[in-house]
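The values are calculated or read from the model by the stated rules, or taken from the named source; none is laboratory data. Only a predicted model underlies this, so the values are computations on that prediction, with no experimental measurement involved. All Cβ positions, glycine included, derive from the backbone under ideal geometry; neighbour counts span all protein chains shown.
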Amino acid sequence: MSNPGLTTLLTRHRGRLVRYFERKGRVIQQHEAPEDLAQGVHLHAIANQHRFDYQGDKAFVGWMLKVARQHLARRVQHWTTLKRDAGPVFRITFGANGDTVAPGTVMDPASGEPGPITHASNTEQLALAARAIDGLPPRDREIMRLMARELSIREIADRIGISPSATQKARLRAQERFRKIYTILERAQDR
């Protein structure tokens, strides 16, 4: 069995990937085209090519579709969060299960600009979040930073040198500590 390169496989199966996003990505089609979503999967694959191990076309397609599902979930979460006009820090803080988050805050074109009160409130919340992150232990700060860069649990585990299950527990602890610090700062500010 020949061992084609990653770019060859991505090119060969791009049509299948685009069709997958045409079917499953309808929920965000007003924001991102299937071709753009497929490109996001390609970028993820290329960024992680050092882990690529060809085990046949069938295994590759299964892996590619798994990455596609994860990518689509991140993009849906991204656009859903933007409709609520929340920044990435608050997705980290109050997201129920997200392994990853989308960095940056971009206004949803359909929502218009926020008014002065909303803008001031958002600015105040972001300042509190930054102070709360500064109050975390160094490892928790690093985990939160890596989460904001949309890294998976496995990628974070590789970066900080612990197992994925230990990373998952550390992520949950970091989020809980962040919530507590944020709440304390928020209450202090309200007094």
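Would you be able to say whether some residue in segment 131-148 is buried (at least 19 other Cβ atoms within 10 Å of the Cβ), among the small types (Gly, Ala, Ser) and more than 24 Å from Val67 (Cβ to Cβ)? Yes, there is a match, as at least one residue in segment 131-148 is buried (at least 19 other Cβ atoms within 10 Å of the Cβ), among the small types (Gly, Ala, Ser) and more than 24 Å from Val67 (Cβ to Cβ).
Within segment 62-79, is there a residue that is out of contact with any strand residue (DSSP E or B) (no Cβ under 7 Å at 6 or more places or on another chain), free of Cβ contacts under 8 Å to residues at least 24 places away in the same chain and outside any helix (DSSP H, G or I)? Checking segment 62-79: not a single residue is out of contact with any strand residue (DSSP E or B) (no Cβ under 7 Å at 6 or more places or on another chain), free of Cβ contacts under 8 Å to residues at least 24 places away in the same chain and outside any helix (DSSP H, G or I).
Table: residues versus (1) modelled with pLDDT under 90; (2) within 28 Å of Gly40 (Cβ to Cβ).
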position	(1), (2)
Gly135	yes, no
Arg149	yes, yes
Glu155	no, yes
Gly161	no, yes
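Counting just the residues of segment 46-61 that are at pLDDT 85 or above and assigned to a helix (DSSP H, G or I), which one comes out surrounded by the most Cβ atoms within 10 Å (Cβ to Cβ)?
Phe60
Applying the condition of being assigned to a loop (DSSP other than H, G, I, E, B) and surrounded by 12 or more Cβ atoms within 10 Å (Cβ to Cβ) to segment 1-45 and asking which residue is farthest from the chain's Cα centre (by Cα) yields Pro4.
Note on segment 146-167: residues that are without any contact (Cβ under 8 Å) to a residue 60 or more places away in the chain, farther than 15 Å from Asn48 by Cβ and under 15 Å from the mean Cα position of the chain (by Cα) amount to 1.
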